[in-house]
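**Q** Have a look at this one before I ask anything.
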Amino acid sequence: MLGPRAPEATGRGQGEEMSEKRTSEDRTPEQRSGEEPSLESLSCDAPANEGAHAATIHRMIEEAPPFLPEATPEELVAEFANGANRMAAFLALYARGDEVLPAVRDGLRQANWQVRRWCALFADNFADAETLRALVPLLRDPKSQVRVWAVHSLSCETCKDGPNPIDAIPLLIERIEMDESIKVRRQAVAMLAHHRSPDARVLPIFKQIVAEEGDRKLLLHAEQGIKRYAEHGLR
């Protein structure tokens, strides 16, 4: 059976669970109305939109007004704490390329969870081996919004070139089995369902989800994974 998903498995307590249900509590209504669609625009749908994802971000950079052009990478990362400036800071960092990765890795360790979240998001696009390794602790971050992006950026193959030095399979299986957030679990199952190289360790998890889970999206991802694995001769 899939393991227990208790708060202590991810270091979260009841108070934090309540605050997570108010995911926009630190933003004004105007900021809340704009940020989530922006996050959606930065996410890729593997494997269908390979190439289109980067093109979308480059178009956003071209259309955006200059943002703090004299700022250091560290100063831009710090702007992730400011709800009004997160997207502008992300695009400014993206435009500079992988030279900003040391500042992004520092941001993954910041006390402010929004800084950690947006740095984890940024790592989806420019992650090198050192940055991928820095993402691993965030799989158990106190905030599920951070864990979701750690799962995605650590395992997404659509937005990055080259081999992943991290064996993400057991890490994602742990999130599926133990994470108390349904969004984190969905993300982990979705990433495994579209992994470029099907892995025999994953198939029993898909089958277990189909047999035991009732969440519609979990079931959809698991069923897609089973179908895709069957096409590769794994049944």
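The values are calculated or read from the model by the stated rules, or taken from the named source; none is laboratory data. If you're wondering where the values come from, they're calculated on a predicted model, not measured in any experiment. Please note: Cβ atoms are built from the backbone with ideal geometry, for glycine as well, and neighbour counts cover all protein chains shown.
**Q** Could you figure out which of (1) β-branched (V, I, T); (2) buried (at least 21 other Cβ atoms within 10 Å of the Cβ); (3) out of contact with any Phe, Trp or Tyr (no Cβ under 8 Å at 6 or more places or on another chain) isn't true of V136?
**A** If we test V136 against (1) β-branched (V, I, T); (2) buried (at least 21 other Cβ atoms within 10 Å of the Cβ); (3) out of contact with any Phe, Trp or Tyr (no Cβ under 8 Å at 6 or more places or on another chain), just (2) comes out false.
**Q** Also, I was wondering about something else. Would you mind stating whether P29 is within 20 Å of the chain's Cα centre (by Cα), surrounded by fewer than 14 Cβ atoms within 10 Å (Cβ to Cβ) and at pLDDT below 50?
**A** no
**Q** Any residue at all in the range 91-110 that's touching a residue at least 12 places away in the same chain (Cβ under 8 Å), out of contact with any Gly (no Cβ under 7 Å at 6 or more places or on another chain), within 20 Å of A188 (Cα to Cα) and crowded, with 19+ Cβ neighbours inside 10 Å?
**A** Looking through the range 91-110, at least one residue is touching a residue at least 12 places away in the same chain (Cβ under 8 Å), out of contact with any Gly (no Cβ under 7 Å at 6 or more places or on another chain), within 20 Å of A188 (Cα to Cα) and crowded, with 19+ Cβ neighbours inside 10 Å.
**Q** Something else now. Could you pull out every one of the helices (runs of 4 or more DSSP H) wholly within the range 146-235 that has 1 or more residues that are touching a Phe, Trp or Tyr at 6+ places or on another chain (Cβ under 8 Å)?
**A** Values: elements: 168-178, 182-193, 203-212, 216-231.
So the answer is 182-193, 203-212, 216-231.
**Q** If you don't mind, another one. Restricting to the range 158-217, give me the number of residues that are of a type in the set (D, E) and under 18 Å from R133 (Cβ atoms). Break it down stepwise before answering.
**A** So the first thing to find is which residues in the range 158-217 are of a type in the set (D, E), and the list is 161, 167, 174, 177, 179-180, 199, 212-213, 215.
Filter once more, so that each one left must be under 18 Å from R133 (Cβ atoms): 161, 167, 174.
Residues that pass the stated criteria total 3.
**Q** Within the range 214-235, which residues are farther than 18 Å from P198 by Cβ and exposed (fewer than 14 other Cβ atoms within 10 Å of the Cβ)?
**A** Within the range 214-235, G214, R216 qualify.
**Q** Looking at the structure I just gave you, is E62 in the same structural domain as S144 (by TED's automatic domain parsing), part of a helix (DSSP H, G or I), out of contact with any Leu (no Cβ under 6 Å at 6 or more places or on another chain) and farther than 24 Å from Q187 by Cβ? Walk me through how you get there before you give the answer.
**A** Values: in the same structural domain as S144 (by TED's automatic domain parsing): yes; part of a helix (DSSP H, G or I): yes; out of contact with any Leu (no Cβ under 6 Å at 6 or more places or on another chain): yes; farther than 24 Å from Q187 by Cβ: yes.
Answer is yes for this residue.
**Q** Follow-up question, since we're still on this one. Quick one: is A222 within 21 Å of A150 (Cα to Cα) and touching a residue at least 12 places away in the same chain (Cβ under 8 Å)?
**A** yes
**Q** Report, ordered by the first and then the second residue, all pairs with beta carbons closer than 9 Å, sequence separation of six or more or different chains, a first member in the range 53-74 that is under 18 Å from F122 (Cβ atoms), and a second member that is of a type in the set (D, E, K, R) and part of a loop (DSSP other than H, G, I, E, B).
**A** H53/D45
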